[in-house]
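The values are calculated or read from the model by the stated rules, or taken from the named source; none is laboratory data. What you see is a predicted model, and the numbers here were worked out from it, not measured in a lab. Positions of Cβ are backbone-derived with ideal geometry, glycine not excepted, and every protein chain shown enters the neighbour counts.
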Amino acid sequence: MVGANGSQTIMAINKDKNAPIFQFADYGIVGDVMKILPALTRQLSN
């Protein structure tokens, strides 16, 4: 995960619950990023 070197926190969103990214993520959400990201953004801005 060269692109994430030095990151404090890694969050992954993927439809595949077995996606390799989840092995490196601190937080993971299984689902469609186009549906989850708008809802997550709304919640974080409150």
- Out of curiosity, is LEU40 exposed (fewer than 10 other Cβ atoms within 10 Å of the Cβ) and not in a loop (DSSP other than H, G, I, E, B)? no
- Among (1) of a type outside the set (D, E, K, R); (2) surrounded by 10 or more Cβ atoms within 10 Å (Cβ to Cβ); (3) assigned to a loop (DSSP other than H, G, I, E, B), where does THR9 come up short? (2)
- Message: For a quick check of your reading of the model, give me the residue pairs whose first member lies in segment 16-38 and is modelled with pLDDT of 95 or more, whose second is surrounded by 13 or more Cβ atoms within 10 Å (Cβ to Cβ) and assigned to a helix (DSSP H, G or I), with beta-carbon atoms closer than 8 Å and at least 6 apart or on different chains.
- Response: GLY28/ILE21; GLY28/PHE22; ILE29/ILE36; ILE29/LEU40
